[in-house]
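Accompanying notes for the structure given below.
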Amino acid sequence: MTAFRMELRRNRSLSVWVAVAMAIYGAVIAAMYPVMVENDALFTAYMKTFPEGFLAAFGMTGSLSDPGIFFSSYIASWLWPIMAAVVALLVGTRVAVDLDRGFLDLPLATPTSRTRYLAGSIVGQAIVMAVLTVATVGSVWLVGVIVDAGFDPGRYALAGVLCWLFGCAIAGVTTLLAVVSLSRGRTSGIVGGVLVAMYLVFVVVQVDPDWAWLAPVSAWDHFRTTELIDMGTVPAGDLALFTGIALAGWAAALVAFRRRDLAA
């Protein structure tokens, strides 16, 4: 529990400030939703002036007055993946940073085992992602209720779960790479590069259906909130995929950290 409490203290400022920023953003865009519904024809005509690839990159493949497309355009297509990746890289590479700064020797000199130390960090990562998810998705839904946008609470809750698992999957892979490389820089470069490549694949597939066979390799193809919010479709396979990646990454990190030569 000592390692876990320490991790919570170290994550406190990051969690609060990022959560506040995300909540404010979510509240502002939700407050704008009735305006988009009232001016749907104007917004649709304006969107037609942009290239198809640009609209596809931000999930704007229909009317912004549609709740699912609205959420995907302003949250799921770009903001949440970016913030989830940034936070995952900050908290998931902490072992490497602690070693580089000479701090890691202190907790490991106590009866706290390597496994318990890293497990505390992993639980902290999951909690940080949960806080950010609630702040982001919750603010959109809550302000939507205030402005009578008609956002379905159950579907938004499930969209929140998908967002959380997406972030956890990035954190799981990040933690494993940080343990293996013992470098925040290398880990950030690999994770960032892979995510950018996946995003480009997603955009190419949206623009040119001939490349649709590449879609499954992109995380964005499994992070689809439009159908979930609009039709209540439960993405069981995608939920299971992100859960599996997160758990596998964290479990492998625990095994690797226990055996890792920290002096190498």
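The values are calculated or read from the model by the stated rules, or taken from the named source; none is laboratory data. Quick caveat: nothing in here was measured; it's all calculated off a predicted structure. Note that each Cβ is placed from the backbone with ideal geometry, even for glycine, and that neighbours are counted across all protein chains shown.
Taken over the range 70-97, residues that are crowded, with 21+ Cβ neighbours inside 10 Å, among the β-branched types (Val, Ile, Thr) and either in contact with a helix residue (DSSP H, G or I) (Cβ under 6 Å, 6 or more places away or on another chain) or farther than 12 Å from Thr136 by Cα (or both) amount to 4.
Out of (1) touching a residue at least 40 places away in the same chain (Cβ under 8 Å); (2) surrounded by fewer than 16 Cβ atoms within 10 Å (Cβ to Cβ); (3) at negative phi, the odd one out for Pro153 is which? If we test Pro153 against (1) touching a residue at least 40 places away in the same chain (Cβ under 8 Å); (2) surrounded by fewer than 16 Cβ atoms within 10 Å (Cβ to Cβ); (3) at negative phi, just (1) comes out false.
For the residues Thr187, Thr243, the requirement of being among the β-branched types (Val, Ile, Thr) and surrounded by 18 or more Cβ atoms within 10 Å (Cβ to Cβ) singles out Thr187. Just wondering, is there one or more residues in the range 166-175 that are at pLDDT 90 or above and over 23 Å from Thr115 (Cα atoms)? Yes, the range 166-175 has at least one match. Candidates are the residues of the range 11-44 that are closer than 14 Å to Val131 by Cβ, out of contact with any helix residue (DSSP H, G or I) (no Cβ under 6 Å at 6 or more places or on another chain) and not aliphatic (A, V, I, L, M); the one that is modelled with the highest pLDDT is Trp17. Among the residues of the range 221-240 satisfying the criterion of being at pLDDT below 90 and assigned to a helix (DSSP H, G or I), which is surrounded by the fewest Cβ atoms within 10 Å (Cβ to Cβ)? Here the residue is Met231. The listed residues are Ala240, Ala251, Ala236, Ala215, and the only one of them that is free of Cβ contacts under 8 Å to residues at least 24 places away in the same chain and within 17 Å of the chain's Cα centre (by Cα) turns out to be Ala240.
Taking the criterion of being of a type in the set (Val, Ile, Thr) and modelled with pLDDT under 85, would at least one residue in the range 72-88 satisfy it? Looking for residues that are of a type in the set (Val, Ile, Thr) and modelled with pLDDT under 85, one finds none in the range 72-88, hence no.
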